[in-house]
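> Have a look at this one before I ask anything.
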Amino acid sequence: MDPQKLPYPRWVILVLGFFINAAVGMTTYAWSLFIAPLQQQFGWSRTAIALAFSICCLCYGAASFVAGRLTDRYGPKMVVFFGGLLLGCGFFLTGYIQEKWQLYLTYGLMSGCGAGLIYLPPVGLAPKWWPDRKALATGVIVLGLGIGSSLMAPVSNWIIENLSWRYVFRYCGVIMALISCLPGLLLTAPPDGWSPHGRTDADQSGANGKPARYRDYTYEESIRSRQFWLLYLTYFFTASAGLLVTGHIAAFGTDSGLTPGLAAGAVMALTITNAATRIGSGYFADRFGSKRYFTIISLIQGAALGALYYTGSSPALLWLTAAVIGWNYGAIFTLFPALCVQFFGSGAQNSNYGLLFTAWGIAGFFGPFSGGFLRDMTGTYITPFIMASALGFLALVLVLINRPPAPKEA
């Protein structure tokens, strides 16, 4: 197909997806900054406050699966537009809560579902528009997650110190709705049979222009495979470890004697590398292989999580360790979509990755909530961080034993 007949150049999908994912990043990664203000105003426990974050992540993952199925059937536009409205309204209303159930409803349910609806469609479209640079294209889009979160941390800290935590939710809710709804209306899949400029027919079919010998897995075939569920468990373990730290690192810093500003520095370090890894990890995965690269960062992550507790009293060490954890954790948002395509093809990527991403949602409930519960029970973060380290090493074992399924005959 003539590239001139496309609705827009294929790089536009990266820009649209970047802004949409920036709204998603604003939703979750600065959450630990709100723990102290909420405790101070309402007297709620860490467990109760962490439950709101856990509900948000659980709804986020579940809604992503729904978004994938809806996008495969109806296209991405209205899925993202409605999700952006839900996300913005939920965040805005959180600025007016007075009771825990209101926090769980607005931030947990509404914002979580909205984030899930807008996250998946551009990520699922990336390998279709960029079959020649799957991991890198996905990395550019999910870079928005990291940029949104890295900007959210200092902005939130300034607003909390100078105004109130409530204004963070009110102002940012409006911004999040705008930067997700408007780009969402422009999202579209490439036309059937389209291939990017410079790729020959042989790239898309078999040798000498003959029909391809193998085809992509269908959604039903993918979920019946052992490899899919091993990927699912790997995603759950990796995300649980990362989200436990993300949800508590600022509170851990203040527990260790740091000022709120210095503790917020750990959040910023984590979110900055969490952003940078989206591009860097996409490049390394395309060059060296997604599985090989994931093996390396899983080993480093397990060690960094095991050392985290002992860095709390030193701002420099805490920020450095947070940066390493942020890089390794953020890489999963590039690697797992790429692994999903590598294992099962791009034909049912929206549905396949939508289901796979529910592992992140379950991890988002389990990781932060268990971290808050264990902290309240023991009075220290050493047990939660040891658990996070163990989960990181479990993910390493699973990725080593998993192999792509046999190709399907066309």
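The values are calculated or read from the model by the stated rules, or taken from the named source; none is laboratory data. Keep in mind the model is a prediction, meaning the values are calculated, not measured. Note that we place each Cβ from the backbone using ideal geometry, even for glycine, and neighbour counts take in every protein chain shown. Each accessible area value is taken on the protein alone, full model and side chains, heavy atoms only, with ligands, DNA and RNA left out. Shrake-Rupley method; radii C 1.70, N 1.55, O 1.52, S 1.80 Å.
> Using θ = phi - 60° and the Karplus relation 6.51 cos²θ - 1.76 cosθ + 1.60, list the HN-Hα couplings for the range 284-301 in order, rounded to whole Hz, with x at every Gly or Pro.
Using θ = phi - 60°, the values come out as 5, 5, 5, 7, 10, x, 4, 5, 4, 5, 5, 4, 5, 6, 5, 5, 5, 5 Hz.
> Taking the chain as the reference, fit the longest principal axis to its C-alpha atoms, fit the long axis of helix 382-401 to the helix C-alpha atoms, and give the angle between the two in degrees, 0 to 90, nearest 10.
With both axes taken from Cα atoms, the answer is about 10 degrees.
> For the pair Ser164 and Leu185, how long in nm is the line joining their label points, each one 7 Å along Cα→Cβ?
3.3
> Give the long-range amide H neighbours of Lys408: residues separated by 5 or more places, or on another chain, with amide H under 5 Å away, using H modelled in the peptide plane at 1.01 Å from N.
For Lys408, whose amide H was placed from the backbone, the distant partners under 5 Å are Arg215.
> Using Cα centres only, tell me the gap between the range 356-410 and the range 258-282 in whole Å.
If you average the Cα positions of each part, the centres end up 20 Å apart.
> How big is the charge dipole of the chain about its Cα centre, in debye rounded to the nearest 20, if each Lys and Arg gets +1 on its Cβ and each Asp and Glu gets -1 on its Cβ? Walk me through the numbers on the way to the answer.
On the way: 25 positive and 15 negative charges, 107 e Å.
The calculated dipole for the chain is roughly 520 debye.
> Against the longest alpha carbon principal axis of the chain, how many degrees, from 0 to 90 and to the nearest 10, is the axis of helix 332-344 turned?
30
> Ser54: accessible area at probe 1.4 Å, nearest 10 Å²?
Ser54 has an accessible surface of roughly 0 Å² with all protein chains in place.
> So for the pair Ile401, Arg224, with labels modelled 7 Å out along Cα→Cβ, what separation do we get in nm?
So the label points at Ile401 and Arg224 sit 2.4 nm apart.
> Using only helices, what value at 222 nm comes out for the chain when you add -39,500 (n - 2.57) per DSSP H run of length 4 or more and divide by the total residues, to the nearest 500 deg cm²/dmol?
-25000 deg cm²/dmol
> Expressed as an acute angle from 0 to 90° and rounded to the nearest 10, what is the orientation of the C-alpha long axis of helix 226-255 relative to the principal long axis of the chain?
With both axes taken from Cα atoms, the answer is about 30 degrees.
> Keeping all protein chains in the complex and leaving out DNA, RNA and ligands, what accessible area do you get for Glu221 with a 1.4 Å probe, in Å² to the nearest 10?
Roughly 40 Å² of Glu221 is accessible to a 1.4 Å probe.
> Then there is this: For Gln41 and Thr383, compute 0.36 nm times the residue count separating them, minus their Cα-Cα distance, and round to one decimal in nm.
My answer for the length gained is 120.4 nm.
> Eigenvalues of the Cα gyration tensor times 5, then square-rooted: what semi-axes does that give for the range 55-102, in whole angstrom, largest first?
25, 13, 5
> Now a separate question. Apply the Karplus parameterisation 6.51 cos²θ - 1.76 cosθ + 1.60, with θ equal to phi minus 60°, to every residue of the range 108-121 and state each ³J(HN,Hα) to the nearest whole Hz, in sequence, with x for glycine and proline.
Whole-Hz 3J(HN,Hα) from phi for the range 108-121: x, 7, 5, 5, x, 5, x, 4, x, 5, 8, 5, 5, x.
> Relative contact order (percent) for the chain, with alpha-carbon contacts under 8 angstrom and 6 or more residues of separation?
28
> Eight or more residues apart or on different chains, and alpha-carbon atoms under 20 Å: count the Lys pairs in the chain matching that.
Close lysine pairs found across the chain: 6.
> Calculate the translational D of the range 236-296 in whole µm² s⁻¹ from Stokes-Einstein, where the hydrodynamic radius comes from the Kirkwood formula applied to all Cα pairs, the temperature is 4 °C and the viscosity 1.567 mPa s.
Value of D from the Cα-based Kirkwood radius: 98 µm²/s.
> Hey, if we sort Tyr232, Tyr381 by accessible area with the 1.4 Å probe, largest down, what's the order? It would help to have the intermediate numbers written out before the result.
Numbers: Tyr232 35, Tyr381 5 Å².
Descending order: Tyr232, Tyr381.
> Right, next: Tell me the accessible surface of Lys128 in square angstrom (1.4 angstrom probe, heavy atoms of protein chains only), to the nearest ten.
Using a 1.4 Å probe on the heavy atoms, I get roughly 60 Å².
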